[in-house]
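Here's the structure, in structure tokens; my notes come after.
The values are calculated or read from the model by the stated rules, or taken from the named source; none is laboratory data. Bear in mind that the values here come from a model prediction, so they are computed numbers and not experimental data. Positions of Cβ are backbone-derived with ideal geometry, glycine not excepted, and every protein chain shown enters the neighbour counts.
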Amino acid sequence: MKYEYRGWVIDATPEFSLGQFFAHARIIRASPDDDADTEMHIERNLAWFENEDEAIEVARQWAIEWIDARDDSVASTEAGLSTRQDDIAAKAPAR
């Protein structure tokens, strides 16, 4: 199962082995710039289930939390940089 979320594609298709569904999350974000590399993260064997739908839902939720944590971290870093730059500009003497 593939889902789109915040610019990422989540592939939560489980692997079936030994009578169990193993939850996997493959998370991919392609850059709009053709020259830039595609970013990918793969998390394997999050858990195993007898039911395929449960494995898919666990992988999907894990991927959403990973994306949110990563994107919030990047946003916080960028906000911190602009705040520091604003502080520096405010403290600089006018010319």
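Miscellaneous remarks
- In this structure, E78 qualifies as among the acidic types (D, E), at pLDDT below 85 and in a helix (DSSP H, G or I).
- Taken together, the residues in region 6-25 that are under 14 Å from M40 (Cα atoms) and surrounded by 15 or more Cβ atoms within 10 Å (Cβ to Cβ) amount to 7.
- Verdict on D34 being surrounded by fewer than 15 Cβ atoms within 10 Å (Cβ to Cβ), part of a loop (DSSP other than H, G, I, E, B) and either touching an Asp or Glu at 6+ places or on another chain (Cβ under 9 Å) or at pLDDT below 95 (or both): yes
- Scanning region 3-31 for residues that are of a type in the set (A, V, I, L, M), at pLDDT 90 or above and over 14 Å from R70 (Cβ atoms) returns V9, A12, L18, A23.
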